[in-house]
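Enquirer: The structure that follows is given in the form of C-alpha cells.
The values are calculated or read from the model by the stated rules, or taken from the named source; none is laboratory data. What you see is a predicted model, and the numbers here were worked out from it, not measured in a lab. We place every Cβ from the backbone using ideal geometry, glycine too, and count neighbours over all the protein chains shown. Each accessible area value is taken on the protein alone, full model and side chains, heavy atoms only, with ligands, DNA and RNA left out. Shrake-Rupley method; radii C 1.70, N 1.55, O 1.52, S 1.80 Å.
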Amino acid sequence: MLLGLPLLSLGLCALAAFVAAFVRGLAGFGMAILLVPLIGLVISPGEAVVVSNMLGLLIGLVGARKVWNAGEKSAGVIGGTAMLLTPVGLLVLFATPPGLARVLIAGVAIAAFALVLLPAKPGHAPGAVETGLTGAAAGLLTGFAGMPGPPVVPYYLRRPIPREVARASMLTVFLLTSIASTVAALALGLASWRDALFAALLFGPVLAGNHLGSMAFGKVSDAAWRGFVGFLLAMSALMAVVRLITPN
C-alpha cells in the first residue's frame, strides 16, 4: 500500500499517465481527457481533476519558453481569461450533483467534436468576443472537469494555420490553466498534500510519455495529425456520453 492505495492500482495509474502524456506530446492536448476518467476509478472525481491539473502544470513547465514563442498571441489572451474563471469552475464542480455535471460535460464534449468536423474558414481571424468566450469556457471547464481542450481545440483547428503554431498555442493555454487550477485548488482547500504526492509519483511516467509523443509529432503528416486530434475529441465525446448514461 502507498498513499492508501494498492500497488497494482498505482501501477495502472502510472500506465494511464504514460499513455495520456504520449497523446499530449503528439496532439498538444488530450492528457486530461484520458487521465481524469481512468484515475477517477481509483480516487474520487474531484481528486482526479486536481491531480490531473497538477500534472498539467508540471509537464507544462517543460519547454514552456519554446512553446510560448512558437504560439499565437491569442494564446495569452485565452489563457489569461481562463485563469480568472478556473476557480469558479472548481467551486461549481464541488457543488454540482454528479448527474448534472455529467450532462454538462457531455454536452460540451459533443459540441466540441461537432465544431471540429465543420470545414475550416480560410482567412478567418477570430475577434475579441470569440477569443474571450473561448477563454472563459476553457477556464470554467478546467476547474469543472480538468478539460480546457473542448473550446480551445476548435478555436485553433478550424483555422488554416500551421499545426506547429496550433499545437504550441494550445499547450500555452493549457499551461496557464494548469497554473490557475492548481493554485485555486490549494487556496480554496480543495486539494491536499496527498494529491500533490500522487501527482509527483505519476510525473515520471508523464515526462517519459510526453517526450516520446513530442518526438512522434515531427514524424506525422499534417492531415494525420489533424485526424488524430479529431479522433481524440470524438473519444472525449463518447466517454462523456458513457459516463452520462452509466448509473452511479
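Enquirer: In the stretch 166-202, which residues are surrounded by fewer than 18 Cβ atoms within 10 Å (Cβ to Cβ) and not aliphatic (A, V, I, L, M)?
Expert: Gly189, Ser192, Trp193, Arg194
Enquirer: How do the helices (runs of 4 or more DSSP H) wholly within the stretch 94-195 filter down when requiring 3 or more residues that are modelled with pLDDT of 85 or more: which remain?
Expert: Numbers: elements: 98-117, 128-145, 149-157, 163-187.
The helices (runs of 4 or more DSSP H) meeting that bar are 128-145, 149-157, 163-187.
Enquirer: Among the residues of the stretch 52-73, what is the count of those that are open to solvent by 80 Å² or more (accessible area, probe 1.4 Å), farther than 21 Å from Val183 by Cβ and outside any helix (DSSP H, G or I)?
Expert: Residues of the stretch 52-73 that are open to solvent by 80 Å² or more (accessible area, probe 1.4 Å), as a first pass: 61, 65-66, 68-69, 73.
Now restrict to residues that are farther than 21 Å from Val183 by Cβ: 66, 69, 73.
Retained after the next criterion (residues that are outside any helix (DSSP H, G or I)): 73.
Of the residues in the stretch 52-73, 1 are open to solvent by 80 Å² or more (accessible area, probe 1.4 Å), farther than 21 Å from Val183 by Cβ and outside any helix (DSSP H, G or I).
Enquirer: Would you pick out the residues in the stretch 15-36 that are open to solvent by less than 30 Å² (accessible area, probe 1.4 Å) and farther than 21 Å from Thr177 by Cα?
Expert: Ala16
Enquirer: Right, here's the next one. Only one of (1) open to solvent by 30 Å² or more (accessible area, probe 1.4 Å); (2) within 15 Å of the chain's Cα centre (by Cα) is not met by Leu2, so which one is it?
Expert: Going through the list (1) open to solvent by 30 Å² or more (accessible area, probe 1.4 Å); (2) within 15 Å of the chain's Cα centre (by Cα), Leu2 breaks only (2).
Enquirer: Name the single residue, out of those in the stretch 19-34 being out of contact with any His (no Cβ under 9 Å at 6 or more places or on another chain) and of a type in the set (Gly, Ala, Ser), that is modelled with the lowest pLDDT.
Expert: Checked the stretch 19-34; the qualifying residue modelled with the lowest pLDDT is Gly30.
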